[in-house]
Amino acid sequence: MWQTILYILIGLIVGAVATFFITRYFFTKQLKENPPITEKQIRVMFQSMGMRPSEAKIQQVLRSMGIQPSTNQEKKQPYINENKKKNKEDSQGK
């Protein structure tokens with residue numbers, strides 16, 4: 001009788017410990033994939049305070065919050081209208 005109760009208690013303890021570590025693993029994985037704040041949100045926050053943050057400042061804020069800054073960030077490219085560029089070259093060549 002007491003052995004059965006002991007086995008049940010041991011099973012519950014092992015299950016609780018396993019559940020804790022599994023839940024912690026998935027929670028940290030989810031936070032890494034979907035951080036609670038993004039670079040875009042930080043930019044908007046700075047702009048609402050009337051500041052134009054540099055890229056280094058945004059990366060510094062992300063690191064201070066413990067969020068790994070993205071390395072494959074797209075840089076803003078200036079808009080170049082290809083038709084205007086061709087027309088300008090054609091007019092210079094004539």
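Bear in mind that the values in this text are calculations on the coordinates, not laboratory data. In this text the structure is predicted, and so the values were computed from the model without any measurement. Because the Cβ atoms are built from the backbone with ideal geometry, glycine has one as well, and the counts that use them run over all protein chains shown.
The packing ranking of peptides 30-39, 47-56, highest mean first, is 30-39, 47-56, where packing means the average number of other beta carbon atoms within 10 angstrom of each residue.
Neighbours of residue 26 by Cβ distance under 13 Å: Lys/Arg scored +1, Asp/Glu scored -1, total +2.
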